[in-house]
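Novice: Can you read through this structure? Questions will come right after.
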């Protein structure tokens with residue numbers, strides 16, 4: 001069970017890092033035009049948009065600031081803690 005707990009924790013951690021990178025990329029005004037950078041940009045956007053979209057419906061933007069990624073990160077972190085503790089209890 002320890003291996004499963006570590007694996008689940010690693011998956012949550014990777015997704016948290018990907019969302020954090022997506023947040024940092026939101027500060028870049030225009031997507032890059034290079035082939036590799038454009039592919040990375042698309043990867044980070046496409047792999048997180050499905051998750052962030054649900055939080056954008058719940059958390060409204062305040063002016064030009066979108067706080068839904070922060071709420072999404074908090075929810076993902078809390079989910080990580082709950083799932084890992086449940087797995088450790090088994």
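The values are calculated or read from the model by the stated rules, or taken from the named source; none is laboratory data. This structure is a prediction, so every number in the text was calculated from the model and none was measured. Note that each Cβ is placed from the backbone with ideal geometry, even for glycine, and that neighbours are counted across all protein chains shown.
Novice: Inside segment 43-53, can you point out the residues that are loosely packed, with under 12 Cβ neighbours inside 10 Å and in contact with a helix residue (DSSP H, G or I) (Cβ under 8 Å, 6 or more places away or on another chain)?
Specialist: None - no residue of segment 43-53 is loosely packed, with under 12 Cβ neighbours inside 10 Å and in contact with a helix residue (DSSP H, G or I) (Cβ under 8 Å, 6 or more places away or on another chain), so the list stays empty.
Novice: Okay, moving on. Which of the residues spanning segment 20-34 are in a loop (DSSP other than H, G, I, E, B) and within 9 Å of residue 45 (Cβ to Cβ)?
Specialist: Scanning segment 20-34 gives a single hit, 31.
Novice: Sort out which residues of segment 54-72 are under 16 Å from residue 17 (Cβ atoms) and in contact with a helix residue (DSSP H, G or I) (Cβ under 6 Å, 6 or more places away or on another chain), and write them in order of number.
Specialist: The answer is 69, 72.
One line per residue, one yes/no per condition, for (1) within 10 Å of the chain's Cα centre (by Cα); (2) at pLDDT below 95; (3) surrounded by 15 or more Cβ atoms within 10 Å (Cβ to Cβ):
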position: 2; (1), (2), (3): no, yes, no
position: 24; (1), (2), (3): no, yes, no
position: 29; (1), (2), (3): no, yes, no
position: 37; (1), (2), (3): no, yes, no
position: 41; (1), (2), (3): no, yes, yes
position: 62; (1), (2), (3): no, yes, no
position: 65; (1), (2), (3): no, yes, no
position: 82; (1), (2), (3): no, no, no
